[in-house]
Every structure is written in C-alpha cells, then in structure tokens.
Amino acid sequence: MSAQETSKAIENKVKNLLSKMRLEEKIGQMTQVDFTVIGIPKEQNAEGQIDQAKLEDAILNHHVGSILNTPFTPENKAQSIETWRKLTSTVQDAAARTRLKIPVMYGIDAIHGATYTQNSVLFPQAINMAATFNPELAFKEGEITAREVRASGLQWNFSTVMDIGRQPLWSRLWETFGEDVHLATVMGTSYIKGHQGDDFSAADKLPTCLKHYVGYSYPLNGKDRTPAWIGERMLREYFLPTFEAGIKAGSPTVMVNSAEVDGIPGHANHYYLTTILRGELGFKGFTVSDWEDIKRLYTRDKMAASPKEAVKIAVMAGIDMSMVPFDFSFYDLLIDLVKSGEVPLSRINEAVTRILTVKYQAGLFDPKPLPAVEGNFATAEAIETNRQAARESIVLAKNDRNILPLKKDANILVTGPTANLLSVMNGGWTITWQGLAENLYPQEKLTVLEAIQQKATGKVTYVGGNSFFTPIDIQKVVDEAKDHDVILLSLGEHPYTETIGNIESLNLDQAQVDLANAAIATGKPVVLLTFGGRPRIITSIAERASGVILGFLPGMEGGEAVADILYGDYNPNGKLPISYPRNTNGITPYDYKPMESFELNMYNPLYPFGHGLSYTTFETGGLKVEKDKIKMDENINVSVNVKNTGSLKGKESVLLYINDVAASVTRPNKQLKAFKKVELNPGQTESLNFTLTPQDLSFIGVDLKRIVEPGDFKVMVGNEIVGFTVAK
Ligand code: BGC
C-alpha cells in the first residue's frame with residue numbers, strides 16, 4: 001500500500017472505532033498513568049511486578065490509553081529485558097480483554113539509549129551528540145535506541161529533546177543539542193529518522209516525542225520549571241524551528257513545556273498548542289502533558305480555581321493526553337466536564353482520533369513479534385558505534401606544547417571526584433531517573449581510571465574515593481605527584497536532572513577548586529578533564545593546566561573514549577555545541593547581537609562555540625560563492641577547501657556561518673547555516689560544497705513573519721569571509 005492509501009485506511013479504521021466508543025472509553029484513551037498505579041508496592045518486595053487487580057482497574061474500569069515509566073517511582077530502576085517483556089505483555093493482555101481491545105501505548109524516557117533496560121547501549125547524551133557534528137551518529141543512535149526499546153516490548157519513546165540550550169545554568173542543558181538552532185535541527189531530525197525509519201510500525205522502530213514544547217529550556221533564573229520570558233520574535237527564531245523540523249521529520253507526538261512562557265503555563269497556552277502547533281506547524285499527531293502538569297495549573301500556577309478547571313483549561317488549550325500520573329482524577333473530572341457541556345464532545349473526539357491514529361500508525365493493533373534479543377540488543381556493533389560516538393563527542397579544548405597525547409609509559413597520577421565513576425559520564429536518565437546509582441551500573445564498563453590502567457604501561461596511581469562525594473586527601477595528591485610525570489585532574493558534576501539538578505551558580509565547589517590548586521602548585525603538568533551536563537566554571541584552573549579535555553556526558557563508553565584520546569589511539573575532533581562561559585554570568589551565545597560586542601561589551605567565553613582541537617591541524621581556504629548577486633527566492637552555492645596540514649589522519653567539522661549585513665531587525669553577528677565533517681589523511685585536501693536557501697537567509701521581520709530582506713550578506717568559514725547581494 002502507498003503511504004497515502006495507508007493513511008486513508010487508518011483514517012477509516014479510526015473513524016469506525018471512534019464511532020463504537022463510549023465517552024468513558026474515549027476519555028480513558030486520553031489518560032496516562034505511572035507504573036505505580038498498576039504495580040505491587042515496593043514494600044511487598046515484588047520487583048517489577050504487576051498487581052492484577054490494579055491493572056484491571058486501570059485498563060478495564062478506567063480504560064487508560066497509556067502507561068509510563070518503570071518500577072518503581074521515585075527510583076525508576078532499569079529492569080531486565082525479560083522483565084520488561086513480561087510487564088508489557090501483561091499490560092497488553094489486559095487491553096485485549098477490554099470491550100474494544102484498544103492496545104495500551106507504553107511510554108518510556110529512553111533519551112540516550114534504552115535508559116531503563118539493564119545492559120542496554122547507553123550513548124553520549126544529546127549535548128555530546130551535538131559536539132560530534134556528525135548527524136550519521138545521531139541517526140545510528142536513533143536506530144539502536146529504537147531497536148533496544150522495542151526489544152524491551154515498549155512502544156513509545158519520550159525523546160528527543162528539541163529545546164535549545166541557551167541557558168547554561170539550566171539543569172537539563174545536556175539533554176539539548178546545544179545553543180545553535182541549525183545544529184540542533186540537523187542532529188535532532190537525524191535521530192528521529194534513525195529511530196522511526198520510513199514506517200515506525202516496523203518491528204524495530206517506534207514513535208518519538210518532541211519535547212518540551214515550547215520555550216522550556218530558557219528559564220530566566222536558570223532553574224528548571226521556572227518562567228521564561230520569550231518574546232514572539234525570539235520564539236519563532238530560536239525555539240520553534242527545531243519543533244517544526246521534528247514534525248516534518250515525522251515525529252507523531254509532542255510533550256508540553258512544564259513551565260511557563262510570558263506568564264502563560266505551557267499547559268494552558270492555546271496560542272502555542274493550537275494556533276501555532278496545529279495551524280502553522282501542521283502537527284497532526286497528539287500532544288501529551290508533562291508530569292502532573294495539568295494538576296499544577298491549580299496546585300502550583302494558581303491559574304485554575306479547582307482541579308476541574310485545570311483539566312478544562314488544559315484540554316481546551318490543546319492537550320490530548322494527560323500524564324496524570326498517579327490517579328484517575330483527570331479521567332473523572334473530564335467525564336464530568338463533558339457531561340456538563342463545559343468541554344465539547346468534539347474536542348474529545350479530536351483528541352482521541354489523534355491518539356488512535358498514532359496507535360494504528362505504530363502498528364499497535366497488529367503488533368509484530370518483538371525483535372529477538374540476540375542480535376538486536378547490546379550487539380558488539382552497537383557498542384562499537386557507541387564508542388565511536390563517545391570519541392567524537394569529547395572536546396580537546398587546550399593542548400599546550402603538545403602535552404597530549406601522553407606516552408603510554410608516562411607515570412600518571414589520577415585524581416578528582418569524576419575519575420573513577422561511570423555515573424558522572426552518563427548523567428540523569430541512566431538506569432535510574434537521576435542516574436546516581438553507581439552500584440547499578442554495568443560492572444564491565446570502564447571508568448576513566450580503569451581505561452587508563454588498561455592502556456598505560458607506566459605507573460598509574462589513583463588518589464580519590466569511590467563516590468563523587470568522598471573527600472579527597474589533597475596532601476596525598478601532593479606527596480604522590482613527586483613520583484609522577486603528569487596529573488590527570490578529573491573534575492565536574494554528579495548526575496542530575498530536572499529540579500533536583502538546580503544550582504545557584506556555575507562555580508565548582510570549593511573542594512574541587514582546592515584540589516585543583518594543590519595539584520597545579522606541585523609544578524607537575526596537569527591535564528584537566530571535566531564531566532557533567534553544564535559548563536561549570538574552570539577558567540582559573542584551565543589557564544594553569546597544560547591540557548583541557550571537556551568530556552560532558554559521553555555515555556557508557558566514555559572511559560575508554562577518553563583513554564583513547566589521552567594516549568593518541570584516537571585523534572579528537574569534537575567541537576563545542578555551546579559557548580563555554582569564562583565566568584558565571586557569561587551567558588552570551590556565539591550568535592550574539594552587534595551590541596553585545598560593542599564599546600566595552602564583548603563575546604568573551606573561555607572557549608567559543610565550535611572550538612575543539614585535534615592532534616593534527618586543518619586549514620580551510622578558497623572560500624567562494626557561486627554568484628555575487630541572487631534573487632530573493634534563489635539558492636546560492638558556496639564552496640571551500642579543507643586541508644589536513646598536519647601529520648596525522650583526522651576528522652574535521654567545517655562550519656559555515658552567515659551574517660545579514662544590515663536588516664530591519666538586528667541580526668546576529670553570525671549564525672551557523674551549514675556544516676560538514678570530513679576525514680582527511682595528512683596532506684589531503686577536500687573541496688566541500690554547500691547550498692544556502694532563502695530559508696537560511698531569512699529572519700523574523702518586524703511584523704513577526706519570516707522574510708528575506710534584500711541587501712548584502714557575508715559568508716564565513718574559518719578565517720575567510722566572502723559576500724553576496726540579494727537583489728530586490
Ligand atoms: C520530564 C519529561 C519526562 C517525563 C516522563 C517529566 O518530569 O520533564 O522530560 O519525559 O517526566 O518521565
């Protein structure tokens with residue numbers, strides 16, 4: 001069947017099914033509950049088990065359409081693949097006993113691989129994937145994640161985060177693809193395409209979810225779930241495009257911003273959820289609330305005078321499914337609201353049509369057998385892809401006098417709270433919600449220390465504890481330094497996400513600063529390595545260190561990837577997807593406005609967006625535009641050569657920026673519009689071609705519409721700038 005025929009057939013099936021549904025069954029479809037609603041309480045020590053009576057109450061009596069999460073809240077611990085298969089089939093068995101046999105859609109946060117399935121392949125987090133500037137890796141991550149989540153019997157992935165990371169303090173910065181719209185668009189859509197393929201009903205595919213629509217990532221005070229103040233121009237220019245691209249890439253579900261923008265909570269924003277999302281972006285799938293956020297319109301936001309009014313506001317704003325998550329209040333209240341005429345039945349039919357359509361599209365009514373575990377789960381090939389992603393995601397930021405790569409026979413002193421833990425390389429949403437349970441991490445994976453121990457032929461000494469919080473004996477570091485050639489100082493953050501990860505300042509804690517100062521004072525060369533989801537302030541340490549490696553959250557193969565880079569078994573090529581601040585208030589992004597670099601103002605990060613060194617050198621040159629004048633609706637081709645001018649093979653990402661020289665709305669000094677990553681042998685040159693489209697030249701004009709304005713444009717690659725004119 002052609003895609004068109006399939007969609008017509010699905011439309012008919014949905015219509016037919018909807019016509020048979022009672023109000024309660026419809027509203028059940030709009031209800032999503034947490035696993036705890038059907039699970040046996042932890043106190044009864046029945047890990048990963050379902051209480052049949054509770055299950056039947058949820059599915060047979062309340063007709064719930066979706067379940068999320070994993071045993072047990074709040075720990076949300078990863079389960080074995082066998083447990084998952086059992087749980088999800090028990091749920092579907094119950095659904096098969098309902099009058100209309102509508103399958104339940106089980107959703108999970110598999111944001112960097114199958115987060116909640118034991119021993120899955122856990123990739124670098126999104127901030128690292130962005131640093132690879134390699135969309136092919138994001139595509140493969142999508143493929144592997146989908147396969148492993150499906151193999152676990154799960155049907156819906158609350159990934160990918162399409163928020164733009166322009167607020168470095170935010171505790172979920174690392175869940176984004178960084179501060180740039182183009183980079184996030186390319187990486188996010190590549191992931192979706194790998195995850196969903198052409199048809200997400202395939203046995204090894206499943207639907208993605210774009211989150212958190214929209215403006216969630218830009219809290220003014222930096223704290224999760226606090227207000228953003230985003231004007232409409234900024235919204236359209238920076239925050240909507242990634243969602244628009246994700247919708248075009250075929251993502252059928254959207255999760256809603258848990259906070260508020262311009263005084264309107266995400267869950268109450270009809271303009272965003274209906275006028276823009278449906279009317280302008282053409283989204284046809286369904287929206288799901290975030291965790292408990294409909295209730296919070298009453299309990300937190302004081303926007304509704306009662307829980308019932310909260311349900312009404314949210315549903316009428318455009319929420320199709322409520323992540324309630326712990327009870328059936330949404331179900332009960334919405335039934336009342338429809339019965340009293342406060343919410344029209346047409347709105348319910350609309351929401352349920354969308355939900356059922358996605359269920360059909362995902363093949364839930366006619367499920368394919370689960371992919372075999374063998375050959376589909378944690379394969380050697382997938383682990384190798386993960387290691388490659390980790391290697392390409394690590395940024396070598398400083399390498400004074402080629403301190404790196406280290407010789408394998410160097411005597412190395414390893415210290416710092418992040419040197420010997422897997423959790424610090426994985427971050428939140430790893431095995432547990434907060435990712436902190438080091439004891440649950442797969443023992444065979446290597447920490448940085450362990451990976452160094454495997455590679456080094458010289459002496460390796462470790463001074464540190466076995467938890468992030470264990471105080472480190474600074475005097476011992478100083479004493480040991482004498483017998484070593486180099487100190488690897490591994491600093492950073494412990495894992496976190498959401499409000500639990502809120503902090504007051506990007507400064508490192510004093511214990512880490514003291515350790516760094518003492519290590520540097522020994523006079524031995526120090527290589528600073530950092531892990532964590534945010535750019536914590538390292539300026540004074542980095543300035544005195546000989547080498548700096550920014551690891552962020554490179555995932556389960558991060559230890560090996562760091563050791564590969566440290567010892568030159570891999571030539572680093574990651575580039576920063578954010579501006580790394582020099583000071584805590586240095587939150588100017590790379591695409592700053594002219595006045596941010598005028599008179600005494602400057603863009604002065606510790607490391608700029610796009611920064612990242614290699615053990616070889618590259619030069620770009622011969623930048624050319626195909627024409628010096630184009631019409632407003634024309635494309636323009638750009639070419640540039642890139643050469644490996646050093647003596648080692650390596651990969652280089654070539655970044656192309658543009659600037660609109662004079663415009664009716666102030667334009668960024670430069671904006672990334674294209675990039676390509678190439679691998680070159682020493683002496684090798686490659687010619688790269690790019691096409692800039694009218695969309696690339698456009699911006700949100702005075703009247704809030706996207707326009708291209710005639711005038712001069714600059715194209716920038718490396719040190720070169722060329723220009724062209726857009727004619728009237
Ligand atoms: C988070 C979402 C997540 C959801 C379900 C929320 O608290 O904000 O990103 O998908 O929980 O776990």
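The values are calculated or read from the model by the stated rules, or taken from the named source; none is laboratory data. The structure displayed is predicted, hence computed values, not measured ones. For neighbour counting, all protein chains shown are included, and Cβ atoms are generated from backbone atoms with ideal geometry for every residue, glycine included. To get the accessible areas, we keep the full protein, side chains included, count just its heavy atoms, and leave off ligands, DNA and RNA. Shrake-Rupley method; radii C 1.70, N 1.55, O 1.52, S 1.80 Å.
When the accessible area of region 67-128 is computed with all protein chains present and a 1.4 Å probe, what percentage of it is carbon and sulfur?
Roughly 51 percent, rounded to a whole number.
Return the carbon/sulfur percentage of the accessible area of region 327-454, one whole number, probe 1.4 Å, all protein chains in place.
Looking at region 327-454 in its full context, I get 50 percent from C and S.
Within the chain, what is the longest stretch that has no GluC sites (Glu not before Pro) placed in a DSSP loop and near at most 14 other beta-carbon atoms within 10 Å?
48-373
Looking at region 288-438, how many pairs of lysines come closer than 17 Å at the Cα, when each pair is eight or more places apart or spans two chains?
Qualifying lysine pairs in region 288-438: 6.
Jot down the radius of gyration and Dmax of the chain, Cα atoms only, both in angstrom.
26.0, 80
Rank these residues by their accessible area, most exposed first, probe 1.4 Å: 370, 137.
Of 370, 137, the descending order of accessible area is 370, 137.
Between the DSSP loop rule and a limit of at most 16 other Cβ atoms within 10 Å, which trypsin sites (Lys or Arg not before Pro) in region 98-147 are left?
Those satisfying the criteria are 99, 101.
Among rounded, prolate and oblate, which fits region 199-253 when a ≥ b ≥ c are the square roots of the eigenvalues of its C-alpha gyration tensor, a/c under 1.5 means rounded, and a/b larger than b/c means prolate?
It is oblate, given that a/c is not under 1.5 and a/b is not larger than b/c.
Dipole of the chain, Cα-centred, from +1 at each Lys and Arg C-beta and -1 at each Asp and Glu C-beta, to the nearest 20 debye?
Here the chain has a charge dipole of around 1120 debye.
Under the √(5λ) rule applied to the eigenvalues of the Cα gyration tensor, what semi-axes describe the equivalent ellipsoid of region 1-70? Give them in Å, descending.
Result for region 1-70: semi-axes of 33, 15, 8 Å.
Helix 510-521: angle to the longest alpha-carbon principal axis of the chain, degrees 0 to 90, nearest 10?
Roughly 20 degrees between the two axes.
On the principal axes of its Cα set, how long, how wide and how thick is region 479-534? Give whole Å, largest value first.
If we take the Cα atoms of region 479-534, the spans are 43, 16, 14 Å.
With +1 on the Cβ of every Lys and Arg and -1 on the Cβ of every Asp and Glu, and nothing else charged, how large is the dipole of region 106-211 about its Cα centre, in debye rounded to the nearest 20?
140 debye
Please state the charge dipole magnitude for region 556-680, taken about the Cα centre, from unit charges on C-beta atoms (+1 on K and R, -1 on D and E), reported in debye and rounded to the nearest 20.
360 debye
Computing the accessible area with a 1.4 Å probe over protein heavy atoms, can you report the carbon and sulfur percentage for region 462-575?
Heavy-atom surface of region 462-575 belonging to carbon and sulfur, 1.4 Å probe: 50 percent.
Towards the positive end of the charge dipole of region 41-118, with charges on Cβ (+1 Lys, Arg; -1 Asp, Glu), say which of 103, 76, 64 has the farthest Cα.
103
So how much accessible area does residue 595 have, in Å² to the nearest 10, using a 1.4 Å probe?
Rounded to the nearest 10, that gives 130 Å².
Using only Cα atoms, tell me the angle between helix 81-96 and the longest principal axis of the chain; keep it within 0 to 90° and round to the nearest 10.
The angle comes out at about 20 degrees.
Sum -39500 (n - 2.57) across every DSSP H segment of at least 4 residues in the chain, then divide by the residue count to get the 222 nm mean residue ellipticity, nearest 500.
The helix-only estimate for the chain comes to -8000 deg cm²/dmol at 222 nm.
Using +1 at the C-beta of Lys and Arg and -1 at the C-beta of Asp and Glu, which of 605, 637, 648 has the Cα lying farthest in the positive direction of the dipole of region 576-661?
648
Which is farthest toward the positive dipole end of the chain among 470, 432, 447, measuring Cα position about the Cα centre, with Cβ charges +1 (Lys, Arg) and -1 (Asp, Glu)?
Of 470, 432, 447, it is 432.
Enumerate the aspartates and glutamates that residue 629 could reach by cross-link, defined here as Cα to Cα under 12 Å, with residues fewer than 8 away along the same chain left out.
Counting by Cα, and skipping residues close in sequence, residue 629 has these aspartates and glutamates nearby: 712.
In whole Å, what are the Cα extents of region 457-565 along the three principal axes, biggest one first?
Principal extents (Cα only, largest first): 43, 29, 27 Å.
So which of 677/705; 42/284; 649/673; 54/193; 205/714; 8/676 end up more than 31 Å apart, counting from Cα to Cα?
Pairs exceeding 31 Å: 677/705; 42/284; 54/193; 205/714; 8/676.
Among bridges DSSP assigns within the chain, what percent are antiparallel (round to 5)?
The antiparallel fraction comes to roughly 50 percent.
Any chance you could give the angle, 0 to 90 degrees and rounded to 10, that helix 181-196 forms with the longest Cα principal axis of the chain?
Taking Cα atoms only, the helix is inclined about 60 degrees.
Take residue 284, project a point 7 Å from its Cα along the Cβ direction, then tell me which residues of region 243-263 have their backbone nitrogen under 17 Å from it.
Of the residues in region 243-263, 244-254 have backbone N under 17 Å from the label point off residue 284.
Suppose all protein chains stay in the model; what accessible area per residue would a 1.4 Å probe give for region 540-650, in Å²?
Each residue of region 540-650 exposes 42 Å² on average to a 1.4 Å probe.
Per residue, how many Å² of accessible area does region 4-60 show with a 1.4 Å probe?
Here the residues of region 4-60 average 50 Å² of exposed surface.
With a cut-off of 8 Å between alpha carbons and a minimum separation of six or more residues, what is the relative contact order of the chain in percent?
Once normalised by length, the contact order is 13 percent.
Under the Kirkwood approximation for Rh and a Cα-based Rg, what ratio Rg/Rh is obtained for region 589-679?
Across region 589-679, the Cα-based Rg/Rh ratio is 1.02.
Near the amide H of residue 718, under 5 Å away, which other amide H atoms are found, from residues 5 or more places off or on another chain, if H is placed in the peptide plane?
655
With all protein chains present, calculate the accessible area of residue 37 using a 1.4 Å probe and round the result to the nearest 10 Å².
The accessible area comes out at roughly 20 Å².
Using a 1.4 Å probe, what is the accessible area per residue for region 250-388, in Å²?
So region 250-388 comes to 38 Å² accessible per residue, rounded to a whole number.
D for region 310-396, whole µm²/s, Stokes-Einstein with Kirkwood Rh over alpha-carbon pairs at 37 °C and 0.692 mPa s: what number?
191 µm²/s
Apply the Debye scattering formula to region 571-620, with a single equal point scatterer on each alpha-carbon and no solvent, then give log10 I(q)/I(0) at q = 0.12, 0.19, 0.27, 0.32 Å⁻¹.
-0.33, -0.69, -1.00, -1.19
For region 431-483, which chymotrypsin sites (Phe, Trp or Tyr not before Pro) pass both filters: DSSP loop (anything but H, G, I, E, B) and at most 14 other C-beta atoms within 10 Å?
Of the chymotrypsin sites (Phe, Trp or Tyr not before Pro), the ones in loops of region 431-483 whose Cβ has at most 14 other Cβ atoms within 10 Å are 469.
Just the Cα atoms of region 1-144: what Rg and Dmax do they give in Å?
18.3, 52
What percent of all Cα-Cα pairs in region 161-266 falls into each 5 Å bin, going from 0 up to the bin containing the maximum distance?
Percent of Cα pairs in each bin: 2, 14, 24, 24, 17, 10, 6, 3, 1.
Out of the trypsin sites (Lys or Arg not before Pro) in region 653-710, which ones are loop residues according to DSSP with at most 16 other C-beta atoms within 10 Å?
The qualifying sites are 705.
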